[in-house]
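Visitor: Have a look at the structure that comes next, please.
The values are calculated or read from the model by the stated rules, or taken from the named source; none is laboratory data. Source: prediction; values computed, not measured. A quick note on method: Cβ atoms are made from the backbone with ideal geometry, for glycine too, and the neighbour counts reach across all protein chains shown. Accessible surface areas use protein heavy atoms only, side chains included; no ligands, DNA or RNA. Shrake-Rupley method; radii C 1.70, N 1.55, O 1.52, S 1.80 Å.
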Amino acid sequence: MRRVSIFGATGSIGQNTIDLIARAPQEYDVVALTGARNISQLAKDAIRLNADVAVTCHEELLPDLKDALAGTGVEAAAGADAMREASQRPADWVMSAIVGAAGLLPGLEALKQGATLALANKESLVTAGPLLMQTAAEHNATVVPVDSEHSAVFQALVGEDLSAVERVIITASGGAFRDWPMEKLATATVEQASTHPNWDMGQRITIDSASMFNKALELIETKEYFGVHPSQIEVLVHPESLIHAMVGFNDGALMAHVGPADMRHAIGYALHWPERRKLPVERLDLAKIGQLTFRAPDDARYPALALAHRVMHEGGLSGAIFNAAKERALDGFIAKKIGFLDMAQVVERTMDTMSPSTDRTNAHGIDTIMQADTEARARASEIMETMD
C-alpha cells in the first residue's frame, strides 16, 4: 500500500484526489488530510479514508474537529505546528493543494521526507522555485506537476530531449471577461468575476482566471519547473479549454495535450506516474466538438502577463513579492476595497517599491523568502489604502 497525504483536502483539487483514491482504497494508506474551515467535509473524508490524522489550519476549530472525529480512531489536530508535523509524517506521495503561499512550507517538509510531491500549489514554484527544486534534489524526492497546463507539458516531454524544445505554449480560457468590452472591466464586480465559463473552481482561483493572474503564475512556474527561457514561453487564449498546453520542437513539430476539462486527469497522471492508468473522465468526441479556436491574449486586457515576464527576467525574490502583492490585491478586490483593474496596479506598484534581491546562482532561504512575502503584503496593503 502506498502512503499518501493530501494537503488542502477540502478544496476542488483535494476533493478530486479523494475521489480517485476512494475508488481503490485497498491501494492506499492515507496518512494525513488537511483543510481550513470546512470541518464537516474534512472529518467525513478522514473517516471515509481511515486517515491517521486530520488537521485544520485554524486552531479555534480544533474542538469542532475533535467532536466530528470522536470515536473514529482518527487523530484531530490544528494550527501551524500541527500542519508542519503532518507534513513531516513519512509518505510516499503527497498532494500539495493548499491555496496561496501557505502551501510552500508543507510542500518543502514533504520533500525532505523523500516523497513524490504532486504540486497543484502554484505559489510554491513562483515564490521559491529554486529552493523547492533544490530541496527535492537534495532528498531524492520528485516533484510532479498537477496544474493541467504543466501536467500537459510534462506528458508531452516524455521521452523527449529538453534541448530540442523551441517553445512551450500554455493555453488559457480567458476567464469570465474574455469577451467583455474593455471599457466595462473597470466596473466588473466580485460576483461577475467569480463565475468561470468552463471550470467549477473556488472563488479566488476563478477571479485569478478572470484577471489572468493565474496564467501569470503558470508562466513563472513553467520557467522554474522546466528551465526554459522566458522568451520560449507563450500564452494562447483557447476558449474551449481542451488543449491544455503544446510543446514546439526544433523540427517544427507541435506536441499538443488534448483532454476534457476535468482535473482528475492531471491528478490521476500524477498519482499513478510513471504508469498511465484508466481514469473515470469523459472521452472526447472530436467530431461532435467540431472545431477548436485560438487567439492571442490582449496585453491591455491582461496586464498580469507582462508582470509575469518582469518576474521571470528579474529573478531573485521578485516571485515572492509578486505573489504576495497579488494575494493581498485579491483580498482587496473580494472585500470590495479596490476595483478589478486596480489589482494589477497594486502588484506593479508593490514591485516598483521593493528590491528583488536578485541572486541567480543560489536559492534564497525560506526565511528570506517569507520576509519578502510579509513585507510585500504590508506594502500592497499600504498602496490599497491610498487608492480612491
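Visitor: Could you give every pair whose Cβ atoms fall below 9 Å, whose first residue belongs to segment 139-150 and is over 15 Å from S96 (Cα atoms) and touching a residue at least 40 places away in the same chain (Cβ under 8 Å), and whose second residue is aliphatic (A, V, I, L, M) and crowded, with 19+ Cβ neighbours inside 10 Å, counting only separations of at least 6 or pairs across chains?
Guide: Partner pairs satisfying both residue conditions: E149/I170; E149/A172; E149/A245; E149/A266.
Residue-wise test of (1) touching a residue at least 12 places away in the same chain (Cβ under 8 Å); (2) under 22 Å from G202 (Cα atoms); (3) assigned to a helix (DSSP H, G or I).
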site: D299; (1), (2), (3): no, no, no
site: H313; (1), (2), (3): yes, no, yes
site: G316; (1), (2), (3): yes, no, no
site: G319; (1), (2), (3): yes, no, yes
site: A324; (1), (2), (3): yes, yes, yes
site: F340; (1), (2), (3): yes, yes, no
site: E348; (1), (2), (3): yes, no, yes
site: S357; (1), (2), (3): yes, no, no
site: T368; (1), (2), (3): yes, no, yes
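Visitor: Just checking, does segment 12-27 include any residue being in contact with a strand residue (DSSP E or B) (Cβ under 8 Å, 6 or more places away or on another chain), buried (at least 18 other Cβ atoms within 10 Å of the Cβ), touching a residue at least 60 places away in the same chain (Cβ under 8 Å) and hydrophobic (A, V, I, L, M, F, W, C)?
Guide: Our first condition is that a residue be in contact with a strand residue (DSSP E or B) (Cβ under 8 Å, 6 or more places away or on another chain); within segment 12-27, this holds for 13-14, 17-18, 21, 27.
Still in the list and also buried (at least 18 other Cβ atoms within 10 Å of the Cβ): 13-14, 17-18, 21.
From what is left, the residues that are touching a residue at least 60 places away in the same chain (Cβ under 8 Å) are 13-14, 17, 21.
Narrowing the set further to residues that are hydrophobic (A, V, I, L, M, F, W, C) leaves 13, 21.
Within segment 12-27 (the criterion being in contact with a strand residue (DSSP E or B) (Cβ under 8 Å, 6 or more places away or on another chain), buried (at least 18 other Cβ atoms within 10 Å of the Cβ), touching a residue at least 60 places away in the same chain (Cβ under 8 Å) and hydrophobic (A, V, I, L, M, F, W, C)), the answer is yes, since at least one residue qualifies.
Visitor: Any residue in segment 33-50 that's open to solvent by 50 Å² or more (accessible area, probe 1.4 Å): show its pairings with residues that are part of a helix (DSSP H, G or I) and polar (S, T, N, Q) at Cβ separation under 8 Å, as long as the two are six or more apart or on different chains.
Guide: Correct list of pairs: empty, since none qualify.
Visitor: Further question on the same structure: Restricting to segment 48-94, name every residue that is on the phi > 0 side of the Ramachandran plot and in contact with a Leu (Cβ under 8 Å, 6 or more places away or on another chain). Before you say what the answer is, go through the steps one by one.
Guide: Filtering segment 48-94 for residues on the phi > 0 side of the Ramachandran plot gives 50, 71, 73, 79.
The one that is on the phi > 0 side of the Ramachandran plot and in contact with a Leu (Cβ under 8 Å, 6 or more places away or on another chain): G79.
Visitor: Only one of D81, D52, D67 is out of contact with any strand residue (DSSP E or B) (no Cβ under 8 Å at 6 or more places or on another chain) and under 17 Å from G8 (Cα atoms). Can you tell me which? Explain how you work it out, then say what you get.
Guide: Numbers: D52 fails: out of contact with any strand residue (DSSP E or B) (no Cβ under 8 Å at 6 or more places or on another chain); D67 fails: under 17 Å from G8 (Cα atoms).
Only one candidate passes the filter, namely D81.
Visitor: Would you please name the residue that is surrounded by the fewest Cβ atoms within 10 Å (Cβ to Cβ), looking only at residues in segment 213-230 that are over 13 Å from the mean Cα position of the chain (by Cα) and under 24 Å from A300 (Cβ atoms)?
Guide: Out of the qualifying residues, it is P230.
Visitor: Select from segment 110-124 the residues that are of a type outside the set (G, A, S) and either closer than 21 Å to L20 by Cα or open to solvent by less than 20 Å² (accessible area, probe 1.4 Å) (or both) and list them in ascending order. Give the steps one after another, and end with the answer.
Guide: Initially, segment 110-124 is screened for residues of a type outside the set (G, A, S), giving 111-113, 116-117, 119, 121-123.
Scanning segment 110-124 gives L111, T116, L117, L119, N121, K122, E123.
Visitor: Do we find that A287 is more than 22 Å from G174 (Cα to Cα), among the aliphatic types (A, V, I, L, M), open to solvent by 50 Å² or more (accessible area, probe 1.4 Å) and not in a strand (DSSP E or B) in this structure? Talk me through it step by step, then tell me what you get.
Guide: Working: more than 22 Å from G174 (Cα to Cα): yes; among the aliphatic types (A, V, I, L, M): yes; open to solvent by 50 Å² or more (accessible area, probe 1.4 Å): yes; not in a strand (DSSP E or B): yes.
Yes; evaluated as a whole, the condition is true for this residue.
Visitor: Which members of segment 231-240 meet the condition of being open to solvent by 10 Å² or more (accessible area, probe 1.4 Å) and not aliphatic (A, V, I, L, M)?
Guide: S231, Q232, E234, P239, E240, listed by residue number.
Visitor: Return the only residue of A296, A304 being aliphatic (A, V, I, L, M) and either open to solvent by less than 10 Å² (accessible area, probe 1.4 Å) or closer than 21 Å to M133 by Cβ (or both).
Guide: Values: A296 fails: either open to solvent by less than 10 Å² (accessible area, probe 1.4 Å) or closer than 21 Å to M133 by Cβ (or both).
One residue alone meets the criteria, A304.
Visitor: Ok, one more. Which residue pairs have Cβ atoms under 7 Å apart, sit 6 or more places apart or on different chains, and have a first residue in segment 180-208 that is of a type in the set (S, T, N, Q) and a second that is assigned to a helix (DSSP H, G or I) and open to solvent by 70 Å² or more (accessible area, probe 1.4 Å)?
Guide: The qualifying pairs are S194/Q203.
Visitor: Return the residues of segment 55-89 that are open to solvent by less than 70 Å² (accessible area, probe 1.4 Å), without any contact (Cβ under 8 Å) to a residue 40 or more places away in the chain and under 26 Å from the mean Cα position of the chain (by Cα); say none if nothing qualifies.
Guide: If the condition is that a residue be open to solvent by less than 70 Å² (accessible area, probe 1.4 Å), without any contact (Cβ under 8 Å) to a residue 40 or more places away in the chain and under 26 Å from the mean Cα position of the chain (by Cα), then V55, T56, H58, L61, A77, A78, G79, A82 are the ones that fit.
Visitor: Return the residues of segment 141-182 that are among the aromatic types (F, W, Y) and not in a loop (DSSP other than H, G, I, E, B); say none if nothing qualifies. Talk me through it step by step, then tell me what you get.
Guide: Narrowing segment 141-182 to residues among the aromatic types (F, W, Y): 154, 177, 180.
F154, the sole residue that qualifies.
Visitor: Scan T206, T187, T195 and give me the residue that is within 14 Å of the chain's Cα centre (by Cα) and surrounded by fewer than 20 Cβ atoms within 10 Å (Cβ to Cβ).
Guide: Working: T187 fails: within 14 Å of the chain's Cα centre (by Cα); T195 fails: within 14 Å of the chain's Cα centre (by Cα).
From the options T206, T187, T195, the qualifying one is T206.
Visitor: Which numbered condition trips up G248, out of (1) within 14 Å of A152 (Cα to Cα); (2) of a type outside the set (A, V, I, L, M); (3) assigned to a helix (DSSP H, G or I)?
Guide: Here G248 clears every test but (3).
Visitor: Can you tell me which residue is surrounded by the most Cβ atoms within 10 Å (Cβ to Cβ) among those in segment 136-175 that are of a type in the set (S, T, N, Q) and over 21 Å from A91 (Cβ atoms)? Write out each step before concluding.
Guide: Going residue by residue through segment 136-175, those that are of a type in the set (S, T, N, Q) are 140, 142, 148, 151, 155, 163, 171, 173.
Keeping just the survivors that are over 21 Å from A91 (Cβ atoms) gives 148, 155, 163, 171, 173.
Details: S148: 24, Q155: 20, S163: 6, T171: 27, S173: 21.
Step by step, filter segment 136-175, then rank; the result is T171.
Each row is one residue, and each column tells you yes or no for (1) within 15 Å of I205 (Cα to Cα); (2) of a type outside the set (V, I, T).
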site	(1), (2)
Q88	no, yes
S96	no, yes
L105	no, yes
A110	no, yes
T116	no, no
K122	yes, yes
L125	no, yes
